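Worksheet: the structure to be examined is printed underneath.
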Amino acid sequence: MKKGECRMTTTSFPVIQIEKTGKRLRNMRKENGIRVAAVCEYMGGISEQAVYKWERGACLPTIDNLLALSHLYHVQMEDLLVYEEAEMASSCFLRMYRGNTSDTVSGYACTAA
């Protein structure tokens, strides 16, 4: 690649869908016949409000809480999450698009990852 050239590439990565994940958490709890109070007790006394926030999709549980929920619901931690693949243009292309044509770093031409 010549200096000053930039190929457009994209990178794919998972993005958690918070509201859909909340619905999944609620459905798993109900399918297992577990009350919110029992979830709180199992997880060491977290508040019912926290569980309802997760199930409403207002926020996500911490990694520790996701691990505990996966044990409680007898599923893999990843099965608790709803996610989709998102794409992002390479930083090289974004710099060019934004008008920053300085596409060299330490004397090397940008070779999009």
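Only the coordinates and a few stated rules stand behind these numbers; no lab work does. Remember, predicted model here, so these are calculated numbers, not experimental data. Virtual Cβ from ideal backbone geometry, glycine too; neighbours counted across all protein chains shown.
Out of the residues in segment 40-86 that are in contact (Cβ under 8 Å) with a residue 60 or more places away in the chain and in contact with a Phe, Trp or Tyr (Cβ under 8 Å, 6 or more places away or on another chain), which is surrounded by the most Cβ atoms within 10 Å (Cβ to Cβ)?
Taking segment 40-86 first, the residues in contact (Cβ under 8 Å) with a residue 60 or more places away in the chain are 81-86.
Filter again for in contact with a Phe, Trp or Tyr (Cβ under 8 Å, 6 or more places away or on another chain), leaving 85-86.
Values: Glu85: 8, Ala86: 11.
Among them, the one singled out is Ala86.
Within segment 48-69, which residues are part of a helix (DSSP H, G or I) and either touching a strand residue (DSSP E or B) at 6+ places or on another chain (Cβ under 7 Å) or over 15 Å from Lys23 (Cα atoms) (or both)? Of everything in segment 48-69, those that are part of a helix (DSSP H, G or I) and either touching a strand residue (DSSP E or B) at 6+ places or on another chain (Cβ under 7 Å) or over 15 Å from Lys23 (Cα atoms) (or both) turn out to be Glu48, Gln49, Ile63, Asp64, Asn65, Leu67, Ala68.
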